[in-house]
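The values are calculated or read from the model by the stated rules, or taken from the named source; none is laboratory data. Everything numeric here is computed off the predicted structure, so don't read it as measured data. All Cβ positions, even for glycine, are placed from backbone atoms using ideal geometry, and neighbour counts span all protein chains on display. Surface areas here come from the heavy atoms of the whole protein model, side chains and all, with no ligands, DNA or RNA. Shrake-Rupley method; radii C 1.70, N 1.55, O 1.52, S 1.80 Å.
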Amino acid sequence: MLQLPSLALAEAQGPGIFELFWRAGPFAKFIFFVLAAMSVASWAIMISKALQYRKADRDGEDFLEVFRRSTRFSEVNAAAGRLTGTPMVGLFRAGYAEIDQQVKAAQERARAQGQEAQGQQFRVKSLQGVERSLRRAIGVEASVLAKGSSFLATTAAAAPFIGLLGTVWGIMVAFNNIGLTGSTSITAVAPGIAEALVNTAAGLFAAIPALIGFNYFGSRLRQTRADMQDFVLEFMNLTERNFT
């Protein structure tokens, strides 16, 4: 007995907002699916970057432990192959390659002068060259970590306006229905209002997580760059002590 009024009320209320939206025209649906695709892509990027930074933190701790414990750069280079998740490996390899090239160049000069290179301790000719290699590597590694952030920024900035376009279109549909029917009843304006509300919500749903993710990963990138700068100083100190 008590359920009958509820059923009658539900029937009187008519279709819900999403049911009305699916009755909308193709343009409103196109706007919605564009925003949905942007939202899905943003979430995929954020999850991927969260996993990337997690692996970078884990491998970074292990790599720094190996780097500070080892007495030879060749030992660190051998261990770096299994810790490629951290950008420190890219920095180390860039610096190590520059040192190796300078040492080999010194050996070639010694051979050209008729000197015996075996057993001789060669020194790096240019610490500035090693440091420039490390600085370039910072830019390369930072660009890898920043990959995808531009899409998050674009989604955060553009999605509300795309949703607003859907809102305006829905209002235009509502006014058009009023003109066609000559009535301002909820039945006439409901489809257009549904288009406006759904696309407005979709725009915010896509933009807000993307904005939060962009700011969060931007902060992580700045912290990682600071860590890479510290590693460059540590690498240069070891190079100066051992190769000059």
Could you check the simple spin-label distance between E75 and T200, using points 7 Å along Cα→Cβ, in nm with one decimal? 6.6
Residue-wise, which Karplus ³J(HN,Hα) couplings in Hz belong to region 159-168, taking 6.51 cos²θ - 1.76 cosθ + 1.60, θ = phi - 60°, and x for glycine or proline? 4, x, 6, 5, x, 5, 4, x, 5, 4
Between F27 and R68, the FRET efficiency computed from the C-beta separation at R0 = 45 Å comes out, to the nearest 0.05, as 0.15
In order over region 89-99: 3J(HN,Hα) from phi, Karplus 6.51/-1.76/1.60, θ = phi - 60°, whole Hz, x for each Gly or Pro, gives 5, x, 5, 4, 5, 5, x, 5, 5, 5, 4
Set of lysines with alpha-carbon distance to K125 below 30 Å, sequence-local pairs under 8 removed: K104
For L238, L83, write out the residues from largest to smallest accessible area, computed with a 1.4 angstrom probe and no ligands counted. L238, L83
Reachable aspartates and glutamates, given that their alpha-carbon falls under 20 Å from the alpha-carbon of K29 and they are not under 8 places away in the same chain: E19, E195
